[in-house]
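Below is one structure; the comments refer to it alone.
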Amino acid sequence: MKPVKQQTFCGRTFTGEEISLIQEIVDTCDGISRTELAHTVCELLEWKRPSDRLKARECTEFLESLESKGILDLPEKQKKGQNNSQKIVPEIPSLQPFSTLSGSVEEFTPLEVQRVQNRDQRDLFKELMGRYHYLGYAMPFGARLQYLVYVNRPRREVVGCIQFSSPAWRMRARDEWIGWTEARRKVALQQVVNNSRFLVLARIQNLASMILSCTLRELKVDWERQYGLQPMLVETLVDQERFHGGCYRASNWTELGKTSGRGRMDRANKCHGAHVKTILVYPLVKNAAHQLRGGKG
């Protein structure tokens, strides 16, 4: 890649630091479309219209301009007619349970963790999240990994879905707990992973904690293989009006505090009043906070 220099496009000047961040996003978000990359960049750099909508079209053109200058290597353009990955499944969360299985998790182990990689898996993941998760389904922008979790007795059946994606841009409690500088946060942020969806489909005792344990083992390997970055910390946000987060606490996640009631990417305090959520984290490596600050393990 060419040395990072200041760039001007559509009346906005991007600093060398911002271009470096764009390069990092492109390099670490392997497998997503140009449209998704453009939305991710717009969100992080707050490139918006007066109406507060993202300048995704201009950003796409800007990314392609940077590619023509040898500054970026963008993914191949998608063919026309492909589904937009931001499609939200318009299902009302079902009140009926998906699975009738019950009992102790030991009766159903070992669990089978299957990474979502093909169309059939994606369709099943979307359907289950859209129908049974209170937030429904929406493909996140940026990096992501999704898993389906099965039991194989008394029959093979999916009992859980879990999604990991790019971290919140800023969260005061998390950032203070890590203790990183602003410059270091921008460098190391993508080594934090967000558990952005978690759905348990059977009333099996301790199933949720077991799913967390099994999928985090897979995540450590899969995330680095997919994105070339070692994940050091997993975060999640629990809506305190709906859940206690007992399965996370039982799995030794640490509560850091509450959100400010703003969106994950809200840097201008325009979304104040959203639901306050409990922030919990789980280190994937020894001395995770120290390493994220830039220290050695």
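Quick check on my filter: what residues within the stretch 147-176 are in contact with a Cys (Cβ under 9 Å, 6 or more places away or on another chain), modelled with pLDDT of 95 or more and under 24 Å from E43 (Cα atoms)?
Passing the criteria: none in range.
Against the definition (outside the structural domain of Q226 (by TED's automatic domain parsing), over 17 Å from E61 (Cα atoms) and either at pLDDT 85 or above or not hydroxyl-bearing (S, T, Y) (or both)), how does E36 come out, yes or no?
On the way: outside the structural domain of Q226 (by TED's automatic domain parsing): yes; over 17 Å from E61 (Cα atoms): no; either at pLDDT 85 or above or not hydroxyl-bearing (S, T, Y) (or both): yes.
Against the criterion (outside the structural domain of Q226 (by TED's automatic domain parsing), over 17 Å from E61 (Cα atoms) and either at pLDDT 85 or above or not hydroxyl-bearing (S, T, Y) (or both)), E36 does not qualify.
From V105, V113, which residue is surrounded by 11 or more Cβ atoms within 10 Å (Cβ to Cβ), modelled with pLDDT of 85 or more and closer than 22 Å to W223 by Cβ? Break it down stepwise before answering.
Values: V105 fails: closer than 22 Å to W223 by Cβ.
Going through V105, V113 in turn, the sole match is V113.
With respect to R267, is the statement that it is touching an Asp or Glu at 6+ places or on another chain (Cβ under 7 Å), under 30 Å from I32 (Cα atoms) and modelled with pLDDT under 80 true?
Details: touching an Asp or Glu at 6+ places or on another chain (Cβ under 7 Å): yes; under 30 Å from I32 (Cα atoms): yes; modelled with pLDDT under 80: yes.
Yes: the conditions hold for R267.
Just to verify a result, which residue in the stretch 154-172, among those that are touching a Ser or Thr at 6+ places or on another chain (Cβ under 8 Å) and more than 25 Å from V113 (Cβ to Cβ), is surrounded by the fewest Cβ atoms within 10 Å (Cβ to Cβ)?
Restricting to residues being touching a Ser or Thr at 6+ places or on another chain (Cβ under 8 Å) and more than 25 Å from V113 (Cβ to Cβ), the top hit is R172.
Name the residues in the stretch 177-186 that are assigned to a helix (DSSP H, G or I), in contact (Cβ under 8 Å) with a residue 60 or more places away in the chain and surrounded by fewer than 17 Cβ atoms within 10 Å (Cβ to Cβ), would you?
From the stretch 177-186, those assigned to a helix (DSSP H, G or I) are 177-178, 182-186; that's our starting set.
Applying the additional criterion that residues be in contact (Cβ under 8 Å) with a residue 60 or more places away in the chain yields 177-178, 184, 186.
Correct list: R184 only.
Could you check L199 against (1) touching a residue at least 60 places away in the same chain (Cβ under 8 Å); (2) touching a Lys or Arg at 6+ places or on another chain (Cβ under 9 Å) and say which number it fails?
With (1) touching a residue at least 60 places away in the same chain (Cβ under 8 Å); (2) touching a Lys or Arg at 6+ places or on another chain (Cβ under 9 Å) applied to L199, the lone miss is (2).
Report, by residue number, each residue of the stretch 212-249 that is surrounded by 14 or more Cβ atoms within 10 Å (Cβ to Cβ), hydrophobic (A, V, I, L, M, F, W, C) and either in contact (Cβ under 8 Å) with a residue 12 or more places away in the chain or in a helix (DSSP H, G or I) (or both).
Hits for the stretch 212-249 are L212, C214, L216, L219, W223, L229, M232, L233, V234, L237, V238, C247.
Does K87 satisfy the criteria of being at pLDDT below 85 and either charged (D, E, K, R) or surrounded by 16 or more Cβ atoms within 10 Å (Cβ to Cβ) (or both)?
Numbers: at pLDDT below 85: yes; either charged (D, E, K, R) or surrounded by 16 or more Cβ atoms within 10 Å (Cβ to Cβ) (or both): yes.
Yes.
The values are calculated or read from the model by the stated rules, or taken from the named source; none is laboratory data. In this text the structure is predicted, and so the values were computed from the model without any measurement. As a convention, Cβ positions derive from the backbone with ideal geometry for all residues, glycine included, and neighbour counts pool all protein chains shown.
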